[in-house]
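Read through the structure below, which is laid out as structure tokens, and then see the notes.
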Amino acid sequence: MFPPFPEDGAYEVCRKIAEDLDSGRLILRQVTKLSLERAGQGIMLGAAICKDSSGQKVILKTVSGIARKLTFPDFSPLPTSGSEIYVLPLISPAQIESALAKNDDAVHALTAKIGEAENSFDMEKVKSLKKERTLLTNESLKKVHDLYSFTKIDKSKISLNEICRMRLGGKNPPTGTGDCCAPKLLEYAFTHDLTILSMCEIFYGRKTANKISGQKYPPCDERCGIILPVMLGLEVIYRDSSICVINKESGLLSIPGRTADKQDCVTSRFKRLYPDFVGVDLPAVHRLDMETSGLMLLAFTKDAQKNLNRQFELGESIHKEYTALIDGILPARKIPIEGEMTLFHRVDLDNRPHQIYDEIHGKKAVTKWKIQDVETYISPDGSRRKVTRVTFFPQTGRTHQLRFAAADSHGWACPIVGDTLYGRCEKGERLKLHASRLEFNHPDDGRRMIFESKAPF
């Protein structure tokens, strides 16, 4: 995943930790039983430069995993309070051991039996024993996962299990999820009212096929990619000093609504995440419907915002693609594989924000499309039906343009799956519309920026 914060300042802190390890001023102390397969493995060193509520600088330091920790050569611990703080794991090794203890002996016994069965080529017995072992290890992993919860930037708590339901459809996360540097640093910062200014991780240890000692690496996709977007409130796809691209979740407003219950949105979360970097009141350069997910562009500076707003107004340098599931079989309706439609619509004054067709007072909306395939859709209640996967290429940016084009009788008369306004949305279902590609020119130097996000459906 992309580093959510600037790295430079924290990178220097990480380098200093590595220098202190090389010189012996610090040591990595093994605090759990060392397994043979992990002997000699490197470790990630992490740091975050923050400021507290009074504006004072606070430096956080940590290491990945729970097996080793930084100490002084005499084994005395690093400070866990003050202006330079060593951040401990969220869950202690003793807690992990306790969670695994119930099935530990049985798992080891089954492993030994599996080895014996393999030596005697009794593959049916091997299969049966492995199945039994998997049940036990899954039970143990669940006990470990039950220990983990995380503090979000808004100070609310969320369990690892709930995150996995949201992000993985309930599947188990990889072993060690929650033990990387980034979740530890964020957890400490968010529980101590610290604003993060810089965060970085470097690899320390013997060179591997994927990592070189001393080099910085972004938070990992496998574990941090599950947790960090939830903790941060936004999934950051790209960020520099001028712009930020996020992957908006379905159900989140782009900008604040008029009432108090509609203040949680991309804009408010963005300002909360980057209070020292956002120099504009409304950083969102364009909007996505609340129910639409996908790529959204925001500006940090007034100059960037002005440039990008101009690009969207002119439309010449902007290219957008959306993936949608249409509730029906478009080829059976004689809809061409590719095409373009022009509709005129406006808001229904008696039923906001619903749009209605109006050739006289409506705004022109031009949409190109390409049918990808017809597939079977499984609804939340388990029923199946045929839907059409379509890529939309909007040439204009009208409110509900794609939803209206699909559903209205002047368009396809075939709404997008899960559309609460123009179609039907079953319990547990979402609008199947995702902003999957965004292209524009960078406001600083004009280089072409291209981002893609695979539809989560």
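The values are calculated or read from the model by the stated rules, or taken from the named source; none is laboratory data. Being a predicted model, the structure only gives us computed values, none of them experimental. Using ideal geometry, Cβ is built from the backbone for each residue, glycine included, and neighbour counts are taken over all protein chains shown. Note: areas computed on protein heavy atoms with side chains; ligands, DNA, RNA excluded. Shrake-Rupley method; radii C 1.70, N 1.55, O 1.52, S 1.80 Å.
Below are the figures for this structure:
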| read-out | value |
| --- | --- |
| Segment Tyr217-Gln395, extension gain: residue separation times 0.36 nm, minus the distance between their alpha carbons | 60.3 nm |
| Relative contact order (%) - the chain, alpha-carbon pairs under 8 angstrom, separation at least six | 13 percent |
| Folded to 0 to 90 degrees: helix 181-191 orientation relative to the chain principal axis, Cα | 80 degrees |
| Other-chain or far-sequence residues with amide H under 5 Å of His354's (modelled H) | Asp348 |
| Label-to-label distance, nm, for residues given as Thr376 and Met166 (7 Å Cα→Cβ offset) | 3.2 nm |
| Derived scalar couplings ³J(HN,Hα) [the stretch 100-114; Karplus, 6.51 cos²θ - 1.76 cosθ + 1.60; whole Hz; x for Gly, Pro] | 8, 4, 4, 9, 4, 4, 5, 5, 5, 5, 5, 4, 5, 5, 4 |
| Using a Förster distance of 45 Å, the FRET efficiency for Leu135-Lys155 (Cβ separation, nearest 0.05) | 0.75 |
| Under Karplus coefficients 6.51, -1.76 and 1.60, residue-wise ³J(HN,Hα) of the stretch 63-77 in Hz, glycine/proline x | 10, 7, x, 10, 7, 10, 9, 6, 9, 6, x, 7, 6, 6, x |
| Using θ = phi - 60° and Karplus 6.51 cos²θ - 1.76 cosθ + 1.60, couplings along the stretch 193-210 (whole Hz; Gly, Pro as x) | 6, 9, 9, 7, 9, 7, 8, 7, 9, 10, 8, 10, x, 5, 4, 10, 5, 10 |
| Sum of side-chain charges, Lys306 neighbourhood, beta-carbon under 14 Å (Lys, Arg +1; Asp, Glu -1) | -2 |
| nm² value of the averaged projected area, convex hull over the Cα atoms of the stretch 30-118 | 8.4 nm² |
| Potential extension, Ile360-Asp348 segment - 0.36 nm per residue separation minus Cα distance | 2.9 nm |
| Helix-only mean residue ellipticity at 222 nm for the chain, each DSSP H run of n ≥ 4 adding -39500 (n - 2.57), per residue, nearest 500 | -8500 deg cm²/dmol |
| Between helix 8-23 and the chain: long-axis angle, C-alpha atoms, 0 to 90°, nearest 10 | 20 degrees |
| 5 Å binning of all Cα-Cα separations within the stretch 1-76, expressed as whole percents from 0 upward | 3, 13, 21, 22, 18, 13, 7, 2, 1, 0 |
| 30 Å Cα-Cα threshold exceeded, pairs from Lys57/Lys155; Lys33/Lys57; Lys271/Lys320; Lys171/Lys248; Lys211/Lys454; Lys102/Lys454 | Lys33/Lys57; Lys102/Lys454 |
| Cα gyration tensor shape of the chain, rounded if a/c is under 1.5, else prolate or oblate by comparing a/b with b/c | oblate |
| Sequence-distant residues sharing a close amide H with Ser198 (under 5 Å, placed H) | Ile49 |
| Placed amide H near Ile243: partners under 5 Å, 5+ positions off or other chain | Phe300 |
| Å² per residue, accessible surface of the chain at 1.4 Å | 51 Å² |
| Estimated Rh, the stretch 294-452: Kirkwood, alpha-carbon pairs, angstrom | 16.9 Å |
| Spin-label proximity, Thr208 to the stretch 41-81 - amide N less than 19 Å from point 7 Å beyond Cα toward beta carbon | 41-47, 62-70 |
| Carbon + sulfur, % of accessible area of the stretch 168-244 - ligands and nucleic acids excluded, 1.4 Å | 50 percent |
| Summed side-chain charge close to Lys368 - residues other than Lys368 whose Cβ falls under 9 Å, Lys, Arg +1, Asp, Glu -1 | -1 |
| Neighbourhood charge, 12 Å Cβ-Cβ cut-off, centred on Glu439 and excluding it, Lys, Arg +1 and Asp, Glu -1 | +1 |
